[in-house]
Amino acid sequence: MIWLLALQLAIGPMQHYEKAQQDFVQRKFSDAVSEVDAALHERPDMVPALVLKARLAMFAHRPDVAKSCLITAVTVDPSSEDAQFFLGVVYYVENDFKVAISPLQEAQSLSPKNPLPVFYLAMTHEALGDATQALDLYQQAENLSPEKSPQSASILVAYGRFLFSIGKVKDGMEKYRAAVERDPESRDAHYELAKGLDQEGDFKDAAQEGELALKLPVLGTSDAQIHFLLAKLYWKLKQPDLAKAHMEKFNDAPQTTSR
């Protein structure tokens, strides 16, 4: 009977955790929170559940809860790549860049073929003003993510933005074009490519990219940003009616300060 009770206790939290994972994937966040809390109630040191609770907290804009869960997770199991990685992400999101480096480096050492720890390290070093290190890390992240996927496109978009920021415009444009190829449904990639084409004076192709971006799902780049860009482009293309229409939509959009 004792072994049966032990088995039931072991199965209980795992079932809650697996259900929480399913709910998380299906974006049923409220249900996922309930299930992961049930798992942790039965087993407070369950590292995968702590990581999932942290991810849910990040979606709910509760970095304090996320950080607490992840610190507990890495204390219980320092070899958990996910715990180390997401702890670094939380610090990055909070602009605590110097502190973010250590867990991100640990995640990288635990899973050297995963591009995400390297990618976040690149963005962290960029934020710290270490352009040389950031450049090397962005290239490593690109090399580790060669397949066509939204993740690969996101890495290339960020890499392109960084290259633009340090004056490597031609290289940045190559990254934007590669990002569009890797994920034609990336709104960010089309938008950044449109901005780059605008800088090059190719207003017609820039407007086409902007219109494409506007039709894609909203993730990072807002409708307001795209409408503002298109308004400028259509003025340059001497199409005032279209320019005015986009400026009106920009003014009506929630993010009226976005450019």
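The values are calculated or read from the model by the stated rules, or taken from the named source; none is laboratory data. The structure presented is a predicted model; accordingly, all values stated were derived computationally and were not measured. Virtual Cβ from ideal backbone geometry, glycine too; neighbours counted across all protein chains shown. Just so you know, the surface numbers come from the protein's heavy atoms only, side chains and all, with ligands and any DNA or RNA stripped out. Shrake-Rupley method; radii C 1.70, N 1.55, O 1.52, S 1.80 Å.
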Out of 116, 104, which single residue is touching a Pro at 6+ places or on another chain (Cβ under 9 Å), surrounded by 17 or more Cβ atoms within 10 Å (Cβ to Cβ) and at pLDDT 95 or above?
104
Looking at 214, 219, 193, can you tell me which residue is surrounded by fewer than 22 Cβ atoms within 10 Å (Cβ to Cβ), within 20 Å of the chain's Cα centre (by Cα) and not in a loop (DSSP other than H, G, I, E, B)?
214
Every listed condition ((1) more than 19 Å from residue 165 (Cβ to Cβ); (2) surrounded by fewer than 19 Cβ atoms within 10 Å (Cβ to Cβ)) holds for residue 207 save (2)
Please work out if residue 156 is part of a helix (DSSP H, G or I), under 30 Å from residue 181 (Cα atoms) and within 15 Å of the chain's Cα centre (by Cα).
yes
Out of contact with any strand residue (DSSP E or B) (no Cβ under 7 Å at 6 or more places or on another chain), farther than 20 Å from residue 172 by Cα, crowded, with 21+ Cβ neighbours inside 10 Å and free of Cβ contacts under 8 Å to residues at least 40 places away in the same chain: is that true of residue 237 in this structure?
no
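Which one of 77, 82, 136, 171 is of a type in the set (D, E, K, R), open to solvent by 20 Å² or more (accessible area, probe 1.4 Å) and under 30 Å from residue 201 (Cβ atoms)? Quick ask: steps written out before the conclusion?
Values: 77 fails: under 30 Å from residue 201 (Cβ atoms); 82 fails: under 30 Å from residue 201 (Cβ atoms); 136 fails: under 30 Å from residue 201 (Cβ atoms).
Only one candidate qualifies: 171.
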For residue 79, state whether it is closer than 30 Å to residue 130 by Cβ and at pLDDT 90 or above.
yes
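Residues that are open to solvent by less than 50 Å² (accessible area, probe 1.4 Å), closer than 23 Å to residue 115 by Cα and either touching a residue at least 24 places away in the same chain (Cβ under 8 Å) or among the β-branched types (Val, Ile, Thr) (or both): does the stretch 31-38 have at least one?
Initially, the stretch 31-38 is screened for residues open to solvent by less than 50 Å² (accessible area, probe 1.4 Å), giving 32, 35-36, 38.
Going one step further and asking which of them are closer than 23 Å to residue 115 by Cα, we end up with none.
No: the stretch 31-38 contains no residue that is open to solvent by less than 50 Å² (accessible area, probe 1.4 Å), closer than 23 Å to residue 115 by Cα and either touching a residue at least 24 places away in the same chain (Cβ under 8 Å) or among the β-branched types (Val, Ile, Thr) (or both).
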